[in-house]
1. Within the range A:77-84, is even one residue among the basic types (Lys, Arg), open to solvent by 70 Å² or more (accessible area, probe 1.4 Å), in contact (Cβ under 8 Å) with a residue 40 or more places away in the chain and farther than 22 Å from B:THR31 by Cβ?
2. Give the residue that is nearest to the other protein chains (Cβ to nearest Cβ), with candidates limited to residues of the range A:101-133 that are polar (S, T, N, Q) and open to solvent by 50 Å² or more (accessible area, probe 1.4 Å).
3. All but one of (1) in contact with a strand residue (DSSP E or B) (Cβ under 8 Å, 6 or more places away or on another chain); (2) of a type outside the set (Asp, Glu); (3) farther than 20 Å from B:LEU319 by Cβ hold for B:LEU385; which doesn't?
4. Condition (residue is open to solvent by 30 Å² or more (accessible area, probe 1.4 Å), part of a strand (DSSP E or B), over 30 Å from B:ARG96 (Cα atoms) and away from every other protein chain (no Cβ under 14 Å)) applied to the range A:38-55: is it met by at least one residue?
5. So A:ASP105 ticks every box in (1) at pLDDT 95 or above; (2) more than 30 Å from B:TYR79 (Cα to Cα) but one. Which box is left unticked?
6. Does the range B:31-59 hold any residues that are part of a helix (DSSP H, G or I), within 16 Å of A:ARG142 (Cα to Cα) and either at the interface with chain A (Cβ under 7 Å from one of its Cβ atoms) or touching a strand residue (DSSP E or B) at 6+ places or on another chain (Cβ under 6 Å) (or both), and which are they?
7. List every residue pair whose Cβ atoms sit under 6 Å apart, with the two residues 6 or more apart in sequence or on different chains, where the first one lies in the range B:374-399 and is farther than 27 Å from B:GLY339 by Cβ and the second, anywhere, is charged (D, E, K, R).
8. From the list A:LEU9, A:LEU88, which one is farther than 28 Å from B:ARG44 by Cβ, crowded, with 16+ Cβ neighbours inside 10 Å and at pLDDT 90 or above?
Amino acid sequence: MTSSKTIVLRSSDGATFEVDEAVALHSLMIKHRIETGGADSTTIDVPEVTGNTLSKVIEYCKKHVEAPNSDDLKSFDTDFVKVDQAVLCHLAKASYYMNIKGLLDLSSKTIADMFKGKTVEQIRETFHIKNDFTPEEEEELRKENSWNLFV
Amino acid sequence: MINIFLLLRVIMEVTYKAPKLIAPEEEDFITTMPDDVVTNILDRLPIQDAVGTSILARNWRFKWNMLSQLVFDDDFFHYLSYKAGDTNNYGCIISRLLFHLNGAITRFVLRRKLDDENVSHWILFLSRKGIKDLTLAHDGITPFKLPTRFFSCLEFKHLKLYNCCLSPPPTFLGFPNLLSLQLFRENSELGEFIIRCPLLEILILYDSDKVGKVKLDEIAQLKNLKILSFSLSHLNTTMTVSSYNIFELLDSLPKLQVLHLNFKDYKLTKGGAKKRFPAAFPSLKALKLYRIDLCNGENLSCAFELIKSCPNLQTLEILAIQQEADPIPIPEVEYNITGLKSVELINLKGSENEVHLIKYLFACSPLLKMIVIRPRYSLAPGEQLMFARKLLMLRRASA
C-alpha cells in the first residue's frame, strides 16, 4: 500500500502549506532535509521564501510531479511565467534556494527574454534599477570598455 | 499675523519634500538576487548584451564577469562588424573579454575562422576553467588545427568540431567523460579516437567531401551509444558491407535508440544476406535510411529486415535514390505488426519495389498516424498519377 504522506512547508512569513511528499521532493533541498532530518521532519521551514511565492512554487511542483508527460505541460509552463518581473525574480530566487532546476531555468529564461531588444534605459525601467553612476563614473566606465564596444 | 503663518506654511510645504516611499511594485529585486541566478540569466543573453549590463548601475558593473557560457556566433560577429568594421580586431576583443572572466567557463562556442594562434591560446585558457562543452565551427577553407592542449581537457562532455583537424598526440588516452561528438569535414583516422571515449552516447559523423575513417567494429565498442549517425563512406574502403554487418553492429549497441544510416549510393554486398539474424532490437525507436537504392535487392531486403527486427520502431524516414532499373525479384516477407507512428518516404519513383514496401507498411502499422510520400521531382505528371493510384488501392491497417 502506498502511503500518501504529506509534508508541511512553512514560509518566511509563517504561512503553512500541506503538500504530498512526492510533490515536496521535487525540491532537492527539501529532499535532502527529509533524508537527513530524521523522524520529525513533517514540517520544513523555508525561510528564504515568502508565502505568496511558496504557493506558486508548490503549484509548479504539483503539475510537474503529477502530470509530467501531459501534452499541456508546455503551455502550463508558458502561462505560469506570464507574470510581473518582480514575481519572476522571487520565483527564480526561491527555485534556486529550494533547488528546483526546471523552475530555475524557466524563470531565468523568461527574465533573460525581458532583457532582449531593450536599451539600457529601458532595462532600468523594467526592473526598477536605479542608475547610481555619477556622470564622471559613467564616462570612465565607457573609456575603460572602449576595447569591447558593448558599453 | 495670520498671513505670516500662512506664508510660512506655504513655504514649508513647497520646500520640504517627504522622502519618496518606494511602492512595493517599484522595488529593484533583480539586483540583489544571488550571483548564481544572475549568471544563469546573463548566460542566456548575447554576449554583447551581457557585457553591456555593466553600465546599468554600480552593483551591475562586474556581474558579467561570472559568465560561464560564451557563444561567439554570427549574431556576435555581425554586431562587431557593425560597430567596428575592422575584422583584424576580433581576436583581440575576444582575448580581452576572456581576461575579465572570473568564474568557471563550461561552454564555449566559436563559429568563425579566426587565426589558429588565438584559438590555441583560448583553448589553453579554457582548459583551466573547467570547459565541458566546446563547439568550433566555421565554413572557411583551412581547418582549425587543434592544439595539443585540447587533448588534455579531460572534462569534455560535448564536442562539435566542424572543419577542424583532429590529430591526437601519442600520449592521448581519450576523453573519459565525453558524451556527445559531432564531426564534419574531419579527415583523419577516427577509429582510434572514438574507441577511447567509452561513455559516448551520441556520435554524429556528417557526410562531406572530406570524411574520416572508422571501422564498424570500432563503433561497436561504444556500448552506451543512444544516437548514431554516419555514412557508409566513413568506413574503411577495404571493407565491404552486407546486411549482416549492419545487424551485427545493432546487436552490439544495446542502448541504441536512433540510427541514421547514409548509404551514399552504396550497394550492400550479398555476403551473409541469407543468414538470418535472430536478435530483435527493442530499443531502436527511430530509423533514417538516406540515399538508399531500393531497386537493389540487397538494400531492399535489408530495409525490410530492419523494420521487422525493431518492434518498437516509431519513426521511419527513407530518402531513396534509383540507380538500378527494375525488375529484380521482390523478397518474400512475413507480415509482422510494427509500432510505427510516422513514416516519411522521399524521392520515390513509384517502382514495384517501392510500392511493395509501402504496401507492407500500410498493412502492418495499426498505429500509423502520419505517412508522407514525396515522389521524385523529375517524375512526369502521368507517372505521378499512376503511382498515386497504386497507393490508393493498398489495404491499410490503421484508421
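The values are calculated or read from the model by the stated rules, or taken from the named source; none is laboratory data. What you see is a predicted model, and the numbers here were worked out from it, not measured in a lab. Cβ: placed from backbone, ideal geometry, glycine included. Neighbour counts: every protein chain shown. Just the protein is used for accessible areas: all its heavy atoms, side chains included, with ligands, DNA and RNA removed. Shrake-Rupley method; radii C 1.70, N 1.55, O 1.52, S 1.80 Å.
1. no
2. Residues of the range A:101-133 that are polar (S, T, N, Q), as a first pass: A:107-108, A:110, A:119, A:122, A:126, A:131.
When the remaining residues are screened for being open to solvent by 50 Å² or more (accessible area, probe 1.4 Å), the result is A:119, A:122, A:131.
On the way: A:THR119: 10, A:GLN122: 11, A:ASN131: 6 Å.
Checked the range A:101-133; the qualifying residue nearest to the other protein chains (Cβ to nearest Cβ) is A:ASN131.
3. Evaluating B:LEU385 over (1) in contact with a strand residue (DSSP E or B) (Cβ under 8 Å, 6 or more places away or on another chain); (2) of a type outside the set (Asp, Glu); (3) farther than 20 Å from B:LEU319 by Cβ leaves (1) as the failure.
4. First pass over the range A:38-55, keeping only residues open to solvent by 30 Å² or more (accessible area, probe 1.4 Å): A:38-40, A:42-43, A:45, A:47-48, A:50, A:52, A:55.
With the extra rule that they be part of a strand (DSSP E or B), the set shrinks to A:43, A:45.
Filter once more, so that each one left must be over 30 Å from B:ARG96 (Cα atoms): A:43, A:45.
If we keep only those that are away from every other protein chain (no Cβ under 14 Å) too, we end up with A:43, A:45.
The answer is yes; a qualifying residue exists.
5. Of (1) at pLDDT 95 or above; (2) more than 30 Å from B:TYR79 (Cα to Cα), only one is false for A:ASP105: (2).
6. Residues satisfying the conditions are B:GLN48, B:ASP49, B:VAL51, B:GLY52, B:SER54, B:ILE55, B:ARG58.
7. As it stands, the answer is B:ARG376/B:LYS349, since those pairs meet every condition given.
8. Working: A:LEU88 fails: farther than 28 Å from B:ARG44 by Cβ.
Result: A:LEU9 is the single residue among A:LEU9, A:LEU88 that is farther than 28 Å from B:ARG44 by Cβ, crowded, with 16+ Cβ neighbours inside 10 Å and at pLDDT 90 or above.
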